[in-house]
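K.L.:
Pasting in a structure now, in structure tokens, and then I'll have a few things to ask.
The values are calculated or read from the model by the stated rules, or taken from the named source; none is laboratory data. Here the structure is a predicted model, which means the values were calculated and not measured. Heads up, the Cβs are rebuilt from the backbone with ideal geometry, glycines too, and the neighbour counts pull from every protein chain shown.
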Amino acid sequence: MGATLPREHRAPVSSTRASSRTSRKAAGWEGGEPGGFLALMSPYQPRFSWLRPSVLWRSRNDVLIRRFGDQTDEERKRWVKQRLAEGAPADFRIDRTDLAEPKLIVLGDPGEGDASQFAVVPGLLREGGDTDLMVICSDVIYPCGDADEYEDKFYWPYKDYPAPIYALPGNHDWYDGLAGFMLNFCGSRAERRDHVKLLDVSRWRNRLRHLLWRRPGHNRLGSLALLRGQTLRSQPGQTPDHEHRQPGPYWAMETGPVVLVSIDTGIRGAVDDDQLRWLREISASSPKPKILLTGKPLIVNGKPAGEREYFEALDAIVRDPAHRYIAAIGGDTHNYQRYPVKLTDGRTIQYIVSGAGGAYTKATHLIPIAELEGCNEVDCRLYPRRGDSLSLYSGLYDRRLAFGSGLLRLDPDQAARLVSERLEGDSAPVRAAGIDRISLRERIAAKVVYPLPTRLGFQRYLSEFFDWDEPPFFKSFLRLDITHDVLRIRCFAATGWREQEEEPPLEDDLTVPLNGAGA
């Protein structure tokens, strides 16, 4: 599965601040006092759970699309046509060249509205209170993007963030035809639409799809007006003015030093031909370095993601030296991953997954050793680390399957050692120097737990059910600081403990030179 990687060759995060790589406490395993994030929640906040049949039923459009055909591309074109008729700029460009040194927060998949989402907020405000804007990559609202749920899952959590928030939709935002997303970010109301057209399937399957298809929920227009005009996120600077409003489901923002290019990857990771044409044109229209923001990432779990033909088309645009892309950041997968891919011409593009803004943490211990072009395991970063991920899931499965007996539970240092053995040196157990022996019980537990979240048929769906609402959370967000010379990207952790709310652990810290980027 890859060459053995000696411990001394593993580069540390470039900061003196604690991280899960150097401290069990920073990882969240030795807590202390719970954080104040619970006090931020609305007293009327409904508890989100994937275990509720109603939640799964409301998300049924995902299954229908996969079985009976996906209309996302056509729906997106209709939204774009509507936005142009409403006066959006033809190139969907936002002019923020006034930002000479832009600072922004990037996070993905926050919208469960529960404790795990709010656990991210204190650290985000502390580390990002001076930023110029925030971008949410994918799944603003779970389970199906309803406009009625923006109050609890968007406006309330980020009511104290002082700058504008932009977004790009994820698959869950598309489950209501994008109506809630377009209303809240673009100010566009859904027109009466025929949600089912004649697809390339039999007539009875079309009728069945039409019968089962979930339509957009009703909009509480009075409530939304109240939220925008009088209470939540109505302070000066929180809402972009008309000139800087988000123009559509995909958009480009030109700042002083770089261009932020945001695309909508729909439900299955696909883009329509009009959007692909727009992406080529916008990428070629400016000589500035660029950062691509996507719903579904281009590289995830150590390999290319999405539908192959769409990935190849998108990645070809990103890798074209004339376009000067330096990074591609996507959400959808609920953890942090970074792969610095060095191209044959000497350029390096940072492929990043930032999807741990609030939704359940996805396992990283199943991610194979990276064997990408010009990128090996020494170069990539994962959060949570594989050992912490295995330990975390062992505790979850111990509670669900072993009734809390401890038979399946693995200590984080034990788990790190076991993962290191399995992946031939990966996840070098820096924190496990004193673990010299693994017991038979621990090895059996690892064999039982290791494949459970994703590798046994139906159980690959169970990671959604194994959500939790107490520390440690292993959530994260990014802060990007950009000058004309460098891009600095930092990944901050959110564990849920008070001490780490006040000083969030720094899980990754890199500086990318912009002079000559793409040359």
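K.L.:
Given Gly266, Gly248, which one is under 17 Å from Asp332 (Cβ atoms) and in a loop (DSSP other than H, G, I, E, B)?
P.N.:
Details: Gly248 fails: under 17 Å from Asp332 (Cβ atoms).
Being under 17 Å from Asp332 (Cβ atoms) and in a loop (DSSP other than H, G, I, E, B) holds for just one of Gly266, Gly248, which is Gly266.
K.L.:
Being in contact with an Asp or Glu (Cβ under 8 Å, 6 or more places away or on another chain), assigned to a loop (DSSP other than H, G, I, E, B) and either modelled with pLDDT of 95 or more or surrounded by 15 or more Cβ atoms within 10 Å (Cβ to Cβ) (or both), is that true of even one residue in the stretch 46-55?
P.N.:
Yes, there is a match, as at least one residue in the stretch 46-55 is in contact with an Asp or Glu (Cβ under 8 Å, 6 or more places away or on another chain), assigned to a loop (DSSP other than H, G, I, E, B) and either modelled with pLDDT of 95 or more or surrounded by 15 or more Cβ atoms within 10 Å (Cβ to Cβ) (or both).
K.L.:
Taking into account only those residues within the stretch 201-252 that are of a type in the set (Phe, Trp, Tyr) and closer than 24 Å to Ile141 by Cα, which is modelled with the lowest pLDDT? Give the steps one after another, and end with the answer.
P.N.:
Filtering the stretch 201-252 down to residues of a type in the set (Phe, Trp, Tyr) leaves 204, 213, 250-251.
Within this subset, residues satisfying the condition of being closer than 24 Å to Ile141 by Cα are 213, 250-251.
On the way: Trp213: 71, Tyr250: 98, Trp251: 98.
Filtering the stretch 201-252 for residues that are of a type in the set (Phe, Trp, Tyr) and closer than 24 Å to Ile141 by Cα, the one modelled with the lowest pLDDT comes out as Trp213.
K.L.:
Inside the stretch 244-271, can you point out the residues that are more than 21 Å from Leu487 (Cα to Cα), of a type in the set (D, E, K, R) and more than 18 Å from the chain's Cα centre (by Cα)? Spell out the reasoning first.
P.N.:
From the stretch 244-271, those more than 21 Å from Leu487 (Cα to Cα) are 244-250, 264-271; that's our starting set.
Retained after the next criterion (residues that are of a type in the set (D, E, K, R)): 245, 264, 268.
Scanning the stretch 244-271 gives a single hit, Arg245.
K.L.:
Still on this structure, I have one more. Has the stretch 125-134 got any residue that is out of contact with any Gly (no Cβ under 9 Å at 6 or more places or on another chain), under 24 Å from Thr483 (Cβ atoms) and assigned to a strand (DSSP E or B)? Step through it out loud before you land on a result.
P.N.:
Just the residues of the stretch 125-134 that are out of contact with any Gly (no Cβ under 9 Å at 6 or more places or on another chain), to begin with: 125-133.
Narrowing the set further to residues that are under 24 Å from Thr483 (Cβ atoms) leaves 125-133.
Among the residues that remain, those that are also assigned to a strand (DSSP E or B) are: 133.
Among the residues of the stretch 125-134, at least one is out of contact with any Gly (no Cβ under 9 Å at 6 or more places or on another chain), under 24 Å from Thr483 (Cβ atoms) and assigned to a strand (DSSP E or B), which makes the answer yes.
K.L.:
Out of Gln117, Gln82, report the one residue that is surrounded by 24 or more Cβ atoms within 10 Å (Cβ to Cβ) and assigned to a helix (DSSP H, G or I). Before you say what the answer is, go through the steps one by one.
P.N.:
Working: Gln82 fails: surrounded by 24 or more Cβ atoms within 10 Å (Cβ to Cβ).
Only one candidate passes the filter, namely Gln117.
K.L.:
Identify all residues within the stretch 354-378 that are within 18 Å of Ser420 (Cβ to Cβ) and in contact (Cβ under 8 Å) with a residue 60 or more places away in the chain; write none if there are none. First the steps, then the outcome.
P.N.:
To start, the set of residues in the stretch 354-378 that are within 18 Å of Ser420 (Cβ to Cβ) comprises 363-371, 376-378.
Matches in the stretch 354-378: Ala363, His365, Leu366, Ile367, Pro368, Ile369, Ala370, Glu371, Asn376, Glu377, Val378.
K.L.:
Next question, about the same structure. Among Ala163, Ala179, Ala90, which is over 15 Å from the mean Cα position of the chain (by Cα), surrounded by fewer than 21 Cβ atoms within 10 Å (Cβ to Cβ), among the aliphatic types (A, V, I, L, M) and more than 18 Å from Ser234 (Cβ to Cβ)? Spell out the reasoning first.
P.N.:
Numbers: Ala163 fails: more than 18 Å from Ser234 (Cβ to Cβ); Ala179 fails: surrounded by fewer than 21 Cβ atoms within 10 Å (Cβ to Cβ).
Every option except Ala90 fails the conditions.
K.L.:
Let me ask another. Arg10 passes all but one of (1) closer than 21 Å to Gln337 by Cβ; (2) at pLDDT 65 or above; which number fails?
P.N.:
The failed condition is (2).
K.L.:
Within the stretch 307-353, which residues are in a loop (DSSP other than H, G, I, E, B) and of a type in the set (S, T, N, Q)?
P.N.:
Within the stretch 307-353, the first condition is being in a loop (DSSP other than H, G, I, E, B), and the residues that meet it are 307, 320-324, 331-335, 343-347.
Listed by number, the residues that qualify are Thr333, Asn335, Thr344.
K.L.:
Please identify the pairs in which a residue from the stretch 283-295 that is more than 24 Å from Thr333 (Cβ to Cβ) and touching a residue at least 60 places away in the same chain (Cβ under 8 Å) has its Cβ atom under 8 Å from the Cβ atom of a residue that is of a type outside the set (Val, Ile, Thr) and assigned to a loop (DSSP other than H, G, I, E, B), counting only partners at least 6 apart or on another chain.
P.N.:
Ser285/Asp91; Pro289/Pro257; Pro289/Arg324; Pro289/Leu514; Pro289/Ala517; Pro289/Gly518
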